[in-house]
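The values are calculated or read from the model by the stated rules, or taken from the named source; none is laboratory data. On a predicted model such as this, the values are computed, not experimentally measured, just so you know. When we count neighbours, we look across all protein chains shown, and the Cβ atoms used for this are built from the backbone with ideal geometry, even at glycine. Note: areas computed on protein heavy atoms with side chains; ligands, DNA, RNA excluded. Shrake-Rupley method; radii C 1.70, N 1.55, O 1.52, S 1.80 Å.
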Amino acid sequence: MRTPGIRHAALAVAGMVLVLAGSGCFFSPRVPEPPQSGTAVDYLDQTLPENVWANLGKSLQNNDSGGWERNVGEEFTYIPDTEAETEYPDAFATPWEREQEVEFIRKFYSFGPTNSEVKMKHDGFDVPEPSGTTAYWEKVIYDLTVESGGSLTRYRGQANILFALDGTEWYVTSWEDIGGEPDPDDPGPAFATFGSLRGTTH
Amino acid sequence: MNGARSMSRDALTAGILLCLLLALLPAPAAAQDEEPTRDEPALSHEDSLLAALAEKDPRLAALKDKGELQVDGAAEPLFKSLKTSPKGGVKATVQKYSYYGELESILSMRGGSQVQNRAAYSWDDYRSYDKVVESRSNRFNYLSGGLMPFYLDVNANWDWSEDSTVNSQGVTNLIKRDNRNAGLKFSKNELRTGALLHDLTAGIGMVDESSENRGAASERDEANARFHLQTGWELDPGLVLAGRFHGEGAQGDRLLRHRVDTAKSLGDSLGAGAYYDRGWLVGRAVLTQSTFESEFLDWRRNDRGAPDTTGITVPDDQIVRERKVAKKQAIVLENEVRFGRVGLELNVARTVDETAYAKSGQGTQEKFEEKVNFQATFATSRDSFVAAYEYKWVWDDQYLQAGTRRGRQNKRRLDAGVKWYRPFFQSTRLAVVLDQSLDQQIPDDRPNGQNKDILRTAASAGLRRAWGDSDVELSVRWNQSQDLAIGSDKSIENNTRDRYEISPEFTWQMRDWVRLSQEYTLYIEYRDYDYSDDSSRQDSYDKRGNLTSFLTFDPTSRLRVSLKHQYNRFFKAKRTGEAAGGGSVYTTNSSQTISQIDFSLSFEPVDGVFLETSTFRGRDHKLNPQSGSESSTYKGKVITGLRAKRKWGSTNPVEIQASVEKVNAFGPGIRPASADYWTIDSWVKWSF
């Protein structure tokens, strides 16, 4: 029914597309500027869960979304605490996964915040050893103060964090906020969690 | 103020209850002649009876075909059945203990009409931290089905919860929520006036929500109404012009901390479109525009939208009466053409929206999104191809309340891909996939904007051969990711990662009751920093091999035994120099070997009762070849349990499910709460 010519032509066209696609000819990125000296963010190799967690802190200190994105796994899930879930129902109406996380961090950094007082784990936190290809951190307390547009907002919460080894590197795959935490030196009302920051920025 | 609020709410509740009572009354006989509504069962009771009679007697079948066979629909009783199902259960996991109960009642009536009510209670007590959540809820719903000439949906919901979490300082964060809402919705589809066909929906409702969070109360009481009309005109078979109008409004009060004020909202949406279906050509073109205005009490918010009470000591000044106006315009064009073995699909969409706040520091936000998707498919007698292209451009901008502009942040995505499928010979199939995408973040007059490109290229080929229940598969993948910050302040991290992956696997059904499968995956990843010579960044490569073997025995229908072994080896090396003949020299600086064996057994001594046990033991060995240091950790787990699911009776059945497991674990990362615990998942349900 079909002539061999049509089939061969189709194969030839498909072959050309394959070759073009394989050679990377479709799209070209922009040419970056050479780095300034002394401005590098000193990220750690993702060979340990604690390095990955520390890298998130470095990303916050430098407003570098790339650092956050590289350390958050493809299967990432964020589970908000009850307060954040109640305050921002639209943000958490559907599961918060890597796509939402990447959008959040890019948008947050594009506000140009000054993230001072970044502390990703509290003093005395006993870092658990990885168990094979996973590591589970229970009740780690983080602390972040954000200055933006002349106002200061502090986020301090307690969370359970799951890390997983994917291929050759560790990533954060689950972040479950338990609830807000007060200032340990001046106990009072608890501060909001990262869930509120995510909900606001959504 | 509160009295008026209460009166309006009571009047609305009374109205809803009156409508509900009216809805539950038998429908007039005229309802039988109306066109079926969208949720009516495919066959009415009368149609079912007619079909049954016609099937029994060919003479009746002939009468039915002529339309001369009729049955009296009123013969079907108004109330057909009432089913009540109480259920109670308990669940214990490593995370929490849960106790729950529910009572569900379903009253089925003539014409598919139904009343359903579900009351539920639960108590969750968390094990590893001090948190208790108590929840109560009730959901009532009435669906008119085909009982009335229109479709009626009545619902009333109540959700109550109290979440008490004790923080590390021993202070309790208490979050209370008590939400009630009720509403009724009328709809009538396929109303015809001349050449026009209408779908009509109207509804009213009420919301009464109150919550308390960190000592601050929040309440919302409002009544709402909405109306939706969609009208279509079939110009020609396969060509329809349609218009749509949607309007909604709400009015009530809002309380925040101690301040009470009125709240209101009004929104409308207009849409018009052309829909066509000519068999070989299918598509639509739709334009929509919507506006939504609302006024309500809110916390004072900063330019990011976060509550901001910095420097405001008077509590009432921390609360403002906010006015929000949101506008949106969208256009969507979708088109699909098919000529024999060639298919072309093109989708284009553009959305513009603007949200303005009167008080919040966010000011006015603008967003724009444009998308184009194109896909072509082509098939020959043996080969089939799919080529796809995607273009997406999104930007957002913001004019802050303070009078400054934040600047525009652009995001652009380009993606192109090709897939090729070819059957090599019988039961053997080849799949080749190539894809390249470019994600760009480009700031425009935005000082803190993100400025970055990520180029991803992926290629994979897979070959699969199946023999009955057995199969062999081989896949080879290559992914490259170029991560490029454009600005000089961040470009030192720029790098290219090349990842190669090869993964052969097979499944062999050795006997009816024995199956063996093995999968081997080898990953090699190179990371080259663009500026490694100018910084402390070192190029590196990682290699990981995973071998997983799985053996399953099903010697009888009641016994299943499985054995699994995982062997995982990992090397990490840094580039330490250049070889004399060119190329790079890498030095291994860490290696890791993980080995784990799993065993599980399931035995069903009597129908519906299973005895189950599983265990694993693993070893994790790390070595640093440079320093010679090494360490080993061990982990393991034993789970023993019983699972049963039984059902007694068929008309008023009692169902029981019970699952009890004892878990013992050791190893790194195992806390006391997860080292020795029981898991339970048991419930009993009676339906009558």
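For the stretch B:146-169, the candidate set comprises residues that are in a strand (DSSP E or B) and small (Gly, Ala, Ser); within that set, the residue that is farthest from the other protein chains (Cβ to nearest Cβ) is B:156.
Taken over the stretch B:491-516, the criterion of being more than 11 Å from every other protein chain (Cβ to nearest Cβ), not in a strand (DSSP E or B) and not hydrophobic (A, V, I, L, M, F, W, C) is satisfied by B:512 alone. Being within 36 Å of the chain's Cα centre (by Cα) and without any contact (Cβ under 8 Å) to a residue 12 or more places away in the chain is a property that does not hold for residue B:600.
Has the stretch B:417-429 got at least one residue that is open to solvent by 30 Å² or more (accessible area, probe 1.4 Å) and closer than 30 Å to residue A:108 by Cβ?
Checking the stretch B:417-429: not a single residue is open to solvent by 30 Å² or more (accessible area, probe 1.4 Å) and closer than 30 Å to residue A:108 by Cβ.
Let's see how each residue does on (1) touching an Asp or Glu at 6+ places or on another chain (Cβ under 8 Å); (2) at pLDDT 60 or above:
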site: B:68; (1), (2): no, no
site: B:82; (1), (2): no, yes
site: B:91; (1), (2): yes, yes
site: B:103; (1), (2): no, yes
site: B:111; (1), (2): yes, yes
site: B:120; (1), (2): yes, yes
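Screening residue B:466 against (1) open to solvent by less than 70 Å² (accessible area, probe 1.4 Å); (2) part of a strand (DSSP E or B); (3) touching a strand residue (DSSP E or B) at 6+ places or on another chain (Cβ under 6 Å) leaves a single unmet condition, (3).
May I ask you to verify whether residue A:92 is buried (at least 16 other Cβ atoms within 10 Å of the Cβ) and either farther than 17 Å from residue B:168 by Cα or under 15 Å from the mean Cα position of the chain (by Cα) (or both)? Yes, satisfied.
Criterion applied to A:171, A:142, A:136, A:109 was being modelled with pLDDT of 85 or more, open to solvent by less than 10 Å² (accessible area, probe 1.4 Å) and over 27 Å from residue B:410 (Cα atoms), and the one residue passing it is A:142.
Test each condition in (1) within 30 Å of residue A:83 (Cβ to Cβ); (2) without any contact (Cβ under 8 Å) to a residue 40 or more places away in the chain for residue B:263 and report the one that comes out false. All conditions are met except number (2). Restricting the stretch A:35-62 to residues that are open to solvent by 20 Å² or more (accessible area, probe 1.4 Å) and touching a Gly at 6+ places or on another chain (Cβ under 7 Å), which is farthest from the other protein chains (Cβ to nearest Cβ)? Looking at residues that are open to solvent by 20 Å² or more (accessible area, probe 1.4 Å) and touching a Gly at 6+ places or on another chain (Cβ under 7 Å), I get A:58. Residues being under 27 Å from residue A:27 (Cα atoms) and in a strand (DSSP E or B): count how many of those fall in the stretch B:389-429. So the answer is 23. Whether a residue is at pLDDT 90 or above and either open to solvent by less than 50 Å² (accessible area, probe 1.4 Å) or under 29 Å from residue B:471 (Cβ atoms) (or both) was assessed, and residue B:434 passes this test.
Of all residues in the stretch B:424-440, at least one satisfies being facing chain A (nearest Cβ under 9 Å), among the hydrophobic types (A, V, I, L, M, F, W, C) and out of contact with any Pro (no Cβ under 8 Å at 6 or more places or on another chain).
Suppose we keep only residues that are open to solvent by 50 Å² or more (accessible area, probe 1.4 Å) and at the interface with chain A (Cβ under 9 Å from one of its Cβ atoms) within the stretch B:373-388. Which one would you say is farthest from residue B:439 (Cα to Cα)? Walk me through how you get there before you give the answer.
So the first thing to find is which residues in the stretch B:373-388 are open to solvent by 50 Å² or more (accessible area, probe 1.4 Å), and the list is B:373-375, B:378, B:381-382.
Now narrow it down to the ones that are at the interface with chain A (Cβ under 9 Å from one of its Cβ atoms): B:378, B:381-382.
Values: B:378: 28, B:381: 37, B:382: 35 Å.
Across the stretch B:373-388, the extreme among qualifying residues is B:381.
Residues that are within 37 Å of the chain's Cα centre (by Cα) and among the charged types (D, E, K, R) were ranked within the stretch B:620-651; the one that is nearest to residue B:553 (Cα to Cα) is B:643.
Only one residue in B:298, B:268, B:277 is open to solvent by less than 40 Å² (accessible area, probe 1.4 Å) and either within 28 Å of residue B:359 (Cα to Cα) or of a type outside the set (S, T, N, Q) (or both). Which one? Working first, answer last.
Working: B:268 fails: open to solvent by less than 40 Å² (accessible area, probe 1.4 Å); B:277 fails: open to solvent by less than 40 Å² (accessible area, probe 1.4 Å).
When all the criteria are applied, what remains is B:298.
Just checking, which of B:193, B:172, B:201 is out of contact with any helix residue (DSSP H, G or I) (no Cβ under 7 Å at 6 or more places or on another chain) and within 14 Å of another protein chain (Cβ to nearest Cβ)?
Numbers: B:193 fails: within 14 Å of another protein chain (Cβ to nearest Cβ); B:201 fails: within 14 Å of another protein chain (Cβ to nearest Cβ).
After applying the criteria, what remains is B:172.
Here is the figure for the stretch B:128-145: residues that are open to solvent by less than 40 Å² (accessible area, probe 1.4 Å) and in a loop (DSSP other than H, G, I, E, B) total 4. If the condition is being within 27 Å of residue B:267 (Cβ to Cβ) and in a loop (DSSP other than H, G, I, E, B), then the stretch B:324-382 contributes B:358, B:359, B:360, B:361, B:362, B:363.
For the structure I just gave you, tell me whether residue B:637 is over 30 Å from residue B:84 (Cβ atoms) and within 14 Å of chain A (Cβ to nearest Cβ).
So residue B:637 passes the test.
Here residue B:488 does not fit the description of being open to solvent by less than 30 Å² (accessible area, probe 1.4 Å), in a strand (DSSP E or B) and among the small types (Gly, Ala, Ser). In the stretch B:420-444, the residues that are under 13 Å from residue B:458 (Cβ atoms) reach residues that are open to solvent by 50 Å² or more (accessible area, probe 1.4 Å) and not hydroxyl-bearing (Ser, Thr, Tyr) with C-beta atoms within less than 6 angstrom, at least six apart or across chains, in these pairs: B:432/B:420; B:433/B:419; B:436/A:26; B:437/B:456.
Take the stretch B:335-358 and flag every residue that is under 29 Å from residue B:408 (Cα atoms) and more than 14 Å from chain A (Cβ to nearest Cβ). Full working, then the answer.
We begin by selecting, within the stretch B:335-358, every residue under 29 Å from residue B:408 (Cα atoms); these are B:346-358.
Selection gives B:346, B:347, B:348, B:349, B:350, B:351, B:352, B:353, B:354, B:356, B:358.
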